[in-house]
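Asker: Below you will find the structure I want to go over with you.
The values are calculated or read from the model by the stated rules, or taken from the named source; none is laboratory data. None of these values were measured; they are calculated from a predicted model. No Cβ is skipped: glycine too gets one built from the backbone with ideal geometry, and neighbour counts run over all protein chains shown.
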Ligand code: SF4
């Protein structure tokens, strides 16, 4: 399977915790970015793509005219979007409306991922989110009315002042809307963000309790966990993201977009002005990193990625033998389950998955 990822680096405002390549953008910058994206796409390697993910940032911030241009650029690489196995479009409630929902549906998008983060408007305000829970409900309704039957919503846990009860209230509110897929992530405070500057602290213990309570509530609603942070109704797992965890190939376009092709991984500069300047000058896009993964390093990464999934992995003979002591340690600590050469992280220990990954990379 091969995925195509397109990063739209614009948002209406910067959220307090956000460490993604995104900014409100200056006048004319989105159009210049689309010119640059077209230039990058024209020089990109050709592949037969199975999945598409338009992420960000906030792709729904584009105007109808800009969305038209975006899909024209994408189709020069992917062919008709409606022919892909899965095509996801990320949206935030404040910039998704009935017209855009109908347009992306007509353009072949078959899955939408919407940022909710919390259903508590006071908390949303403290996070610096633009939309309220009411805006989410309205945008969600517009997407359903346009015919989308595969919607993901993102939630956050471990937020400042958030209790397990508060988190479960948000989750229950969301489950009342019957999404096909839910992702939830614990707050991470990264250097350079407004939260870091304000001294906001991560709360790993609180987040772990929320993970556990959230997973039970989702299971009761029929959404099974298939990755640390991802839950879906049967048959609604994200094919594009599964391809990442299966160490499949993908091409990323746009600022900060990562690619993994022919055993090499690389990521574009996260600076949008630098990206636009280079692409429009016909130069190579500056890279944050570029490295060839071979041998044990490639195997180690494959195991680490696979262990994110609840289905686990069957270890190759040599790694199984080499890792015998580590596996015994992890079994003793109650972190993994093993059957022959097959291992997986216990579902109630997925939130400490990093301790397991460390043993294999
Ligand atoms: S909407 Fe998402 S990408 Fe945009 S600023 Fe907020 S967290 Fe960052």
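Asker: Can you pull out every residue in segment 1-15 that is surrounded by fewer than 19 Cβ atoms within 10 Å (Cβ to Cβ) and more than 18 Å from residue 248 (Cβ to Cβ)?
Answerer: Filtering segment 1-15 down to residues surrounded by fewer than 19 Cβ atoms within 10 Å (Cβ to Cβ) leaves 1-2, 12-14.
Passing the criteria: 12, 13, 14.
Asker: Can you run down the residue pairs with Cβ atoms below 6 Å, 6 or more apart or on separate chains, where the first is in segment 238-251 and on the phi > 0 side of the Ramachandran plot and the partner is in a helix (DSSP H, G or I)?
Answerer: 247/302; 247/305
Asker: Every residue in segment 1-26 that is assigned to a loop (DSSP other than H, G, I, E, B) and more than 21 Å from residue 73 (Cα to Cα), please.
Answerer: 1, 12, 13, 14, 15, 16, 17, 18, 19, 20, 24, 26
Asker: On to the next question. In segment 336-346, is there at least one residue being within 29 Å of residue 5 (Cα to Cα) and either in a loop (DSSP other than H, G, I, E, B) or not assigned by TED's automatic domain parsing to the domain that holds residue 32 (or both)? Working first, answer last.
Answerer: Residues of segment 336-346 within 29 Å of residue 5 (Cα to Cα): 344-345.
This time we only want the ones that are either in a loop (DSSP other than H, G, I, E, B) or not assigned by TED's automatic domain parsing to the domain that holds residue 32 (or both), so: 344-345.
Yes: segment 336-346 contains one or more residues that are within 29 Å of residue 5 (Cα to Cα) and either in a loop (DSSP other than H, G, I, E, B) or not assigned by TED's automatic domain parsing to the domain that holds residue 32 (or both).
Asker: I'd like to verify a number: residues in segment 222-275 that are crowded, with 22+ Cβ neighbours inside 10 Å and outside the structural domain of residue 7 (by TED's automatic domain parsing), how many?
Answerer: Counting residues in segment 222-275 that are crowded, with 22+ Cβ neighbours inside 10 Å and outside the structural domain of residue 7 (by TED's automatic domain parsing) gives 11.
Asker: Oh, and also: Determine, yes or no, whether residue 119 is assigned to a loop (DSSP other than H, G, I, E, B) and modelled with pLDDT of 95 or more.
Answerer: Details: assigned to a loop (DSSP other than H, G, I, E, B): yes; modelled with pLDDT of 95 or more: yes.
When the stated conditions are applied, residue 119 passes them.
Asker: Let me ask another. Can you pull out every residue in segment 27-59 that is near the ligand (Cβ under 8 Å from one of its atoms) and not in a loop (DSSP other than H, G, I, E, B)? Reasoning before the result, please.
Answerer: At the first step, the residues of segment 27-59 found to be near the ligand (Cβ under 8 Å from one of its atoms) are 56-58.
Residue satisfying the conditions is 56 alone.
Asker: Separate question: Run down 324, 338, 332 and say which single residue is free of Cβ contacts under 8 Å to residues at least 24 places away in the same chain, touching a helix residue (DSSP H, G or I) at 6+ places or on another chain (Cβ under 7 Å) and over 21 Å from residue 229 (Cβ atoms).
Answerer: On the way: 324 fails: touching a helix residue (DSSP H, G or I) at 6+ places or on another chain (Cβ under 7 Å); 332 fails: touching a helix residue (DSSP H, G or I) at 6+ places or on another chain (Cβ under 7 Å).
Result: 338 is the single residue among 324, 338, 332 that is free of Cβ contacts under 8 Å to residues at least 24 places away in the same chain, touching a helix residue (DSSP H, G or I) at 6+ places or on another chain (Cβ under 7 Å) and over 21 Å from residue 229 (Cβ atoms).
Asker: Whether any residue in segment 67-87 is touching a residue at least 60 places away in the same chain (Cβ under 8 Å), assigned to a loop (DSSP other than H, G, I, E, B) and under 18 Å from residue 9 (Cβ atoms) is what I want to check.
Answerer: Checked segment 67-87: no residue is touching a residue at least 60 places away in the same chain (Cβ under 8 Å), assigned to a loop (DSSP other than H, G, I, E, B) and under 18 Å from residue 9 (Cβ atoms).
Asker: Right, another one. Could you please give the count of residues in segment 289-321 that are assigned to a loop (DSSP other than H, G, I, E, B) and farther than 27 Å from residue 229 by Cα? If you could, list the steps in order and put the result at the bottom.
Answerer: Narrowing segment 289-321 to residues assigned to a loop (DSSP other than H, G, I, E, B): 293-294, 308, 310-312, 315-316.
Those still in the list that are farther than 27 Å from residue 229 by Cα too: 294.
Of the residues in that region, 1 qualify.
Asker: Here's a follow-up. Being away from the ligand (no atom under 16 Å from the Cβ) and either in contact (Cβ under 8 Å) with a residue 12 or more places away in the chain or part of a loop (DSSP other than H, G, I, E, B) (or both) is the filter here; which residues of segment 103-116 pass it?
Answerer: First, the residues of segment 103-116 that are away from the ligand (no atom under 16 Å from the Cβ): 103-111.
Within segment 103-116, 103, 104, 105, 107, 108, 109, 110, 111 meet the criteria.
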